[in-house]
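Colleague: Can you keep this structure in mind? I'll have questions shortly.
The values are calculated or read from the model by the stated rules, or taken from the named source; none is laboratory data. Owing to the predicted nature of the structure, the values given are computational and were not obtained by experimental measurement. In this analysis, Cβ positions are derived from the backbone assuming ideal geometry, glycine residues included, and neighbour counts consider all displayed protein chains. Please note that ligands, DNA and RNA were not included when accessible areas were found on the heavy atoms of the full protein model with its side chains. Shrake-Rupley method; radii C 1.70, N 1.55, O 1.52, S 1.80 Å.
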Amino acid sequence: MRRVAREPLTHFLLIGALLFGGLMAVKSLERPVVRIDAQDLNQLASYWEIQMQRPPNKAELKAIIRDRIDEELLAREALRLGLDKGDMIIRRRLAQKMAFATDDTAAVTEPAEAALRAYYAATAERYAAPARVAFQQVFFSGDRPAGGAQRAALHALERAQEDNRDPSGDPFLFPLAYDDVSVGDLLRDYGPAFVKALETAPIGSWQGPVLSPYGWHLVRVSVRRQPTAVSFESVRAQVRDAYLAERRADANTAFLQNLRKRYRVVVAGVPED
């Protein structure tokens, strides 16, 4: 045994084994670490409880952790292999996350009262009570063939003006008389052309025909009420939210402008200005 220990080959093998063991130890230390900390565990368990309406048991928690580790390993390996390159969905998701991150970190300070009041004065129309109107209408269905609805509306209007009586038309799914309705509601239901006609029509006489998505209408406006201003105090919270949102949007625009300066953008072989 002593003679074997003194043999050079034995020394060579022993040194080789030590070097191999040391190399493997170093490689082990260089392996990337997948770390699941206590916060991650609490988050995973909370998601499970929200979905299942009960906390996970030990076996379920073990499976949740295993799935989370597998997901992380697969994601890292996909990045290592470059599988994220050229993927529009991944790129868009990363861009969204970056936009959210810049929105969260945008340095927007709490506005002074004077700044809020000045902002309200410049945007007061946003907070005014909407214009309102009272009117009657007669409807002519767009289902009539070959433009018959418009012709029927014109004929009914002429007869009403000649005979000084209210015209008649087709049944309609919406009211034929509105005592007090906001212009915003009418815009939603009838469209901008209809609302514009109501805003400009003379009071008290039948006018038209007016086109909507449903067909043609004759309208008679009885009352128009202009938008009503509201006090700053009653909408202060809304003004503050709008002010901060606008400042964040400005900060994000500035961030993107600065980001563009860090890259040279080439579209179809032509550099952007």
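Colleague: Scan the range 108-131 for residues that are among the hydrophobic types (A, V, I, L, M, F, W, C) and assigned to a helix (DSSP H, G or I) and jot them down.
Modeller: Within the range 108-131, the first condition is being among the hydrophobic types (A, V, I, L, M, F, W, C), and the residues that meet it are 108, 112, 114-116, 118, 121-122, 124, 128-129, 131.
Once the filter is applied, which keeps residues that are among the hydrophobic types (A, V, I, L, M, F, W, C) and assigned to a helix (DSSP H, G or I), the range 108-131 yields ALA114, ALA115, LEU116, ALA118, ALA121, ALA122, ALA124.
Colleague: So, one more: Scan ARG188, ARG132, ARG117 and give me the residue that is among the charged types (D, E, K, R), buried (at least 17 other Cβ atoms within 10 Å of the Cβ) and within 40 Å of the chain's Cα centre (by Cα).
Modeller: Working: ARG188 fails: buried (at least 17 other Cβ atoms within 10 Å of the Cβ); ARG117 fails: buried (at least 17 other Cβ atoms within 10 Å of the Cβ).
Of ARG188, ARG132, ARG117, the one residue that is among the charged types (D, E, K, R), buried (at least 17 other Cβ atoms within 10 Å of the Cβ) and within 40 Å of the chain's Cα centre (by Cα) is ARG132.
Colleague: Next up: Out of all the residues in the range 69-101, which are over 20 Å from GLN43 (Cα atoms), charged (D, E, K, R) and surrounded by 11 or more Cβ atoms within 10 Å (Cβ to Cβ)?
Modeller: Within the range 69-101, ARG76, ASP84, ASP87, ARG91, ARG93 qualify.
Colleague: Within the range 69-107, how many residues turn out to be without any contact (Cβ under 8 Å) to a residue 40 or more places away in the chain, more than 30 Å from GLU246 (Cβ to Cβ) and in a helix (DSSP H, G or I)?
Modeller: Of the residues in that region, 14 qualify.
Colleague: Just the residues that are closer than 16 Å to PRO130 by Cβ and small (Gly, Ala, Ser), please, taken from the range 225-240. Walk me through it before giving the result.
Modeller: Step one: of the range 225-240, the residues closer than 16 Å to PRO130 by Cβ are 225-230, 234-235, 238.
If the condition is that a residue be closer than 16 Å to PRO130 by Cβ and small (Gly, Ala, Ser), then ALA229, SER234 are the ones that fit.
Colleague: Now, a different point. Open to solvent by 100 Å² or more (accessible area, probe 1.4 Å) and touching a residue at least 40 places away in the same chain (Cβ under 8 Å): is that true of ARG66 in this structure?
Modeller: On the way: open to solvent by 100 Å² or more (accessible area, probe 1.4 Å): yes; touching a residue at least 40 places away in the same chain (Cβ under 8 Å): no.
No; evaluated as a whole, the condition is false for this residue.
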